[in-house]
Structure formats: structure tokens, C-alpha cells
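Contents: one structure, followed by commentary.
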Amino acid sequence: MAHSKGEAVNLFVVEEQEIYREVYQQLLPERSTITIAGVLDTVEPNSIRESVASTRPDVLMLSIK
């Protein structure tokens with residue numbers, strides 16, 4: 001999906017570490033070009049798949065071991 005300049009990118013974050021989840025939720029929405037579709041703390045594939053399917057983000061950021 002191409003975005004025009006100034007249009008927000010919808011981001012979904014999968015992050016195991018709580019401190020990083022908090023940072024993403026605090027800092028990223030301050031940027032007018034990023035909206036948070038959701039943040040997930042589990043790396044269970046079915047949970048990720050269901051969450052992404054229901055929110056339909058533009059970008060999926062995975063930060064898992």
C-alpha cells in the first residue's frame with residue numbers, strides 16, 4: 001500500500017519485552033506519520049496471525065528472540 005506524504009502509517013508491534021512495548025506506545029504516536037494498530041506481547045503464531053488479520057496494519061514490526 002503506497003502512502004501519500006503526510007498520511008499516517010498504521011503499525012502493529014509484536015514485542016516480548018515490556019519496557020520496549022511501553023516505549024513504542026509512548027513515543028511512536030507522537031509522530032504524526034505513525035499510528036499504532038496494536039501491540040502484542042506474545043510470540044504465539046496463531047495470536048499474531050489473528051491480531052494482524054483483525055487490525056490489518058500497513059507495517060508489522062516483530063521484535064522477538
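The values are calculated or read from the model by the stated rules, or taken from the named source; none is laboratory data. The structure displayed is predicted, hence computed values, not measured ones. All Cβ positions, even for glycine, are placed from backbone atoms using ideal geometry, and neighbour counts span all protein chains on display. These accessible areas exclude ligands, DNA and RNA; they are computed on the full protein's heavy atoms, side chains included. Shrake-Rupley method; radii C 1.70, N 1.55, O 1.52, S 1.80 Å.
Computed quantities for the displayed model
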| read-out | value |
| --- | --- |
| In the stretch 53-62, the residues that are open to solvent by 40 Å² or more (accessible area, probe 1.4 Å) and either touching an Asp or Glu at 6+ places or on another chain (Cβ under 9 Å) or not in a helix (DSSP H, G or I) (or both) | Arg56, Asp58, Val59, Leu60, Met61, Leu62 |
| Cβ-Cβ under 6 Å pairs, at least 6 apart or on other chains, the stretch 19-43 side touching a residue at least 12 places away in the same chain (Cβ under 8 Å) and part of a helix (DSSP H, G or I), far side surrounded by 15 or more Cβ atoms within 10 Å (Cβ to Cβ) and charged (D, E, K, R) | Arg21/Glu15 |
| Qualifying position, being assigned to a loop (DSSP other than H, G, I, E, B), free of Cβ contacts under 8 Å to residues at least 40 places away in the same chain and open to solvent by 70 Å² or more (accessible area, probe 1.4 Å), among Glu7, Glu50 | Glu7 |
| Unique match (being modelled with pLDDT of 95 or more and not aromatic (Phe, Trp, Tyr)) among Pro57, Pro45, Pro29 | Pro57 |
| Residue that is most open to solvent (accessible area, probe 1.4 Å), among those in the stretch 25-41 that are touching a Ser or Thr at 6+ places or on another chain (Cβ under 9 Å) and over 13 Å from Thr55 (Cα atoms) | Pro29 |
